[in-house]
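The values are calculated or read from the model by the stated rules, or taken from the named source; none is laboratory data. Bear in mind the structure is a predicted one, so any value in this text is a computation, not a measurement. Note that each Cβ is placed from the backbone with ideal geometry, even for glycine, and that neighbours are counted across all protein chains shown. SASA here: full protein model, heavy atoms, side chains in, ligands and nucleic acids out. Shrake-Rupley method; radii C 1.70, N 1.55, O 1.52, S 1.80 Å.
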Amino acid sequence: QVQLVESGGGTVQTGGSLRLSCAASGRTFSNYGMAWFRQVPGKEREFVAQISWITTYADSVKGRFTISRDNAKNTVSLQMNSLKPEDTAVYYCALKTNPGSTDYDYWGQGTQVTVSS
């Protein structure tokens, strides 16, 4: 069983930065794809960024967010710069055991990010 625990959320002003971290436990981490998603109440969860053998980003965050991983520490991070009010959401870390799949098998509990204008 894999457990994912996010941290680093909070409130920041427009233009500010936050760094989210996700710690994974339970399995060998380096073989898996990792991603960040976000969700606003009343809306569907949306993809933000993923990292496997490549990294990809949603167009809305490209150039502002950077996803990275440390396999030795079993962590994945999301550096968020130039934050905008529309980035306000609950951010979720996710893991997929098949990097070639589009489906994620495990999810964290989420961490709130609020960007004030």
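As an exercise, identify the chymotrypsin sites (Phe, Trp or Tyr not before Pro) in region 32-101 lying in DSSP coil whose Cβ has no more than 15 other Cβ atoms within 10 Å. Spell out each step's value before the answer.
Working: sites: Tyr32, Trp36, Phe37, Phe47, Trp53, Tyr57, Phe65, Tyr91, Tyr92; in loops: Tyr32, Trp53.
The qualifying sites are Trp53.
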Can you tell me how region 68-117 classifies by the Cα gyration tensor, rounded, prolate or oblate, using a/c under 1.5 as the rounded cut? prolate
What's the carbon and sulfur percent of the chain's accessible surface, probe 1.4 angstrom, rounded to a whole number? 46 percent
If you take the C-alpha gyration tensor of the chain, multiply each eigenvalue by 5 and take the square root, what semi-axes do you get, largest first, in whole Å? 23, 14, 13
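Expected output is a single nm value to one decimal: the length gained when fully extending between Ser7 and Ser101, i.e. 0.36 nm times separation in residues minus the C-alpha distance. What is it?
Working: separation 94, 0.36 × 94 = 33.84 nm, distance 2.59 nm.
The span from Ser7 to Ser101 would gain 31.3 nm if fully extended.
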Between Ser17 and Arg64, what length in nm is gained on full extension when 0.36 nm per residue of separation is reduced by their alpha carbon distance? 16.0 nm
Excluding same-chain residues fewer than 8 positions from Lys73, which lysines have a Cα within less than 21 Å of its Cα? Lys96
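So what is the accessible area of the chain per residue, in Å², with the probe set to 1.4 Å? Working shown, then result.
Working: 6030 Å² over 117 residues.
Heavy-atom SASA per residue in the chain reads 52 Å².
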Listed by chain and number, the aspartates and glutamates with an alpha carbon less than 20 angstrom from that of Lys43, same-chain partners under 8 positions apart left out, are Asp59, Glu86, Asp87, Asp103
